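The values are calculated or read from the model by the stated rules, or taken from the named source; none is laboratory data. Since the structure is predicted, the reported quantities are computational estimates derived from the model, not experimental observations. When we count neighbours, we look across all protein chains shown, and the Cβ atoms used for this are built from the backbone with ideal geometry, even at glycine.
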Amino acid sequence: MLPFIKEKVSTWDKLKAETRPIFIYGMGDGALKIMSVFREKGIVLSGIFASDDFVRGHSFEGYRVHKLSEIEEMVDDFVVVLAFAAGYQEIVDKIHEIAAKHPLLVPDVPVAGGGLFTYEYCVENAEKIQQVYDSLADDYSRKVYANIINFKISGNIDYLTSVTTPKAEIYKDIIKPHMYETYVDLGAYNGDTIREMLEFTHGRYAAIYALEPDRKNFKKLAKFVDGMPHVYAFNAAVWSTDTELPFASKAGRQSAISASAETTVEARSVDSILGKRAATIIKMDVEGFEREAIWGASQNIARNSPKMMVSLYHRNEDIFELPLLLKTINPNYKLYIRHQLYIPAWETNLYAVT
């Protein structure tokens, strides 16, 4: 069963069995999620450290925040648990430097939704995972898929290093944008992916539709696209239908639809916004609501086969549910999976083209 899954012991089981002191590297939401699992599983935490720039007498959840050098002076042999996301080469290099000196694990905790990604979870969903593996369009996608799953189980960053693809290569080899695209950007943030796209089309396009629900991010987006012809920006979330949704506004990219939020935001479906117009590229990075976004674009996906760029890393089930959903709506798609520079397995994306 699932012969491409080599890892069977989860990060959590490894940590539970550890006799050496365990220190979390990082503060914030990731650390809180990891500490919650530690408490649930009875994993003993010895302390917390942060990058030197962040250590100024901080405490976090009752722990004094140390520098790595302080931990190294106090303890000879210890395990490092990474608790933040790194998407820049300089930070990734620093993580590898630490991993060369100390055992380092990166537990996989979902950005959205609950549950843990373990070998047992893979066995429960073996049929769907195998379906996706068999439906991928090239050997490299199958390697990426296998490595991402093995990473999520084991927390071993070597699985990511060997399948990291530069963003430019993905655009050049898979998406191949041209000068007449109708580009739909879902989770447009401040316009960063619009900027990326325009680099490959020399600033040319037919039309751009951009949705960003967070007000602060939307102001930056609106400023970026101000004066650009045929660009339509919406301060709205994307959904399967037109409605209003509870929305929690947070810093940067982390704003998301949340049942506990006190404020609401307008939500639109892609098919509603476009009407009879056809999208040629759709990008989805919507903090765990990609499934709803796909359903809201299903008419366009079925009829017009737009090139798709879809995040696969917010929820545990995304890695198999989203590829299968796209294939169900449009069986003509060829599916590719690529991982861009990031620890943990964020920026693992699905690309669908015909």
Conditions (1) in a loop (DSSP other than H, G, I, E, B); (2) crowded, with 23+ Cβ neighbours inside 10 Å: number failed by Trp346: (2)
Given the criteria under 21 Å from the mean Cα position of the chain (by Cα) and among the aliphatic types (A, V, I, L, M), does Ala85 qualify? yes
Which condition number does His66 fail, the rest of (1) crowded, with 18+ Cβ neighbours inside 10 Å; (2) under 22 Å from Tyr159 (Cα atoms); (3) modelled with pLDDT under 95 being met? (2)
Just the residues that are surrounded by fewer than 16 Cβ atoms within 10 Å (Cβ to Cβ) and under 18 Å from Ala237 (Cβ atoms), please, taken from segment 193-216. Arg215, Lys216
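If I filter segment 89-102 for residues that are in the same structural domain as Ile157 (by TED's automatic domain parsing) and in a strand (DSSP E or B), do I get at least one hit?
Pass one, segment 89-102, residues in the same structural domain as Ile157 (by TED's automatic domain parsing): 89-102.
If we keep only those that are in a strand (DSSP E or B) too, we end up with none.
No: segment 89-102 contains no residue that is in the same structural domain as Ile157 (by TED's automatic domain parsing) and in a strand (DSSP E or B).
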State all residues of segment 57-92 that are closer than 28 Å to Ala345 by Cα, in contact (Cβ under 8 Å) with a residue 24 or more places away in the chain and of a type in the set (Val, Ile, Thr); if no residue qualifies, say none. Val65, Ile71, Val79, Val80, Val81, Val92
Of the listed residues (Asp76, Asp53), the one being surrounded by fewer than 18 Cβ atoms within 10 Å (Cβ to Cβ), within 30 Å of Pro166 (Cα to Cα) and modelled with pLDDT under 95 is Asp53
Failed criterion for Val44 (all others in (1) within 21 Å of the chain's Cα centre (by Cα); (2) in a loop (DSSP other than H, G, I, E, B) hold): (1)
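Test of understanding: among Glu120, Glu97, Glu124, which residue is more than 16 Å from the chain's Cα centre (by Cα) and farther than 28 Å from Arg20 by Cβ? Write out each step before concluding.
Working: Glu120 fails: farther than 28 Å from Arg20 by Cβ; Glu97 fails: farther than 28 Å from Arg20 by Cβ.
After applying the criteria, what remains is Glu124.
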Consider Phe84 carefully, then state whether it is buried (at least 16 other Cβ atoms within 10 Å of the Cβ), of a type in the set (Phe, Trp, Tyr) and not in a helix (DSSP H, G or I). yes
Just to be sure I understand the filter: pairs with C-beta atoms under 7 Å, separated by 6 or more residues or on different chains, first member in segment 223-237 and in the same structural domain as Ala188 (by TED's automatic domain parsing), second member at pLDDT 95 or above and among the hydroxyl-bearing types (Ser, Thr, Tyr). Which pairs pass? Tyr232/Tyr209
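Looking at Ala279, Ala261, Ala256 in this structure, which one is small (Gly, Ala, Ser), at pLDDT below 95, over 22 Å from Phe117 (Cβ atoms) and outside the structural domain of Tyr145 (by TED's automatic domain parsing)? Show your work before the answer.
On the way: Ala279 fails: at pLDDT below 95; Ala256 fails: over 22 Å from Phe117 (Cβ atoms).
Result of the check over Ala279, Ala261, Ala256: Ala261.
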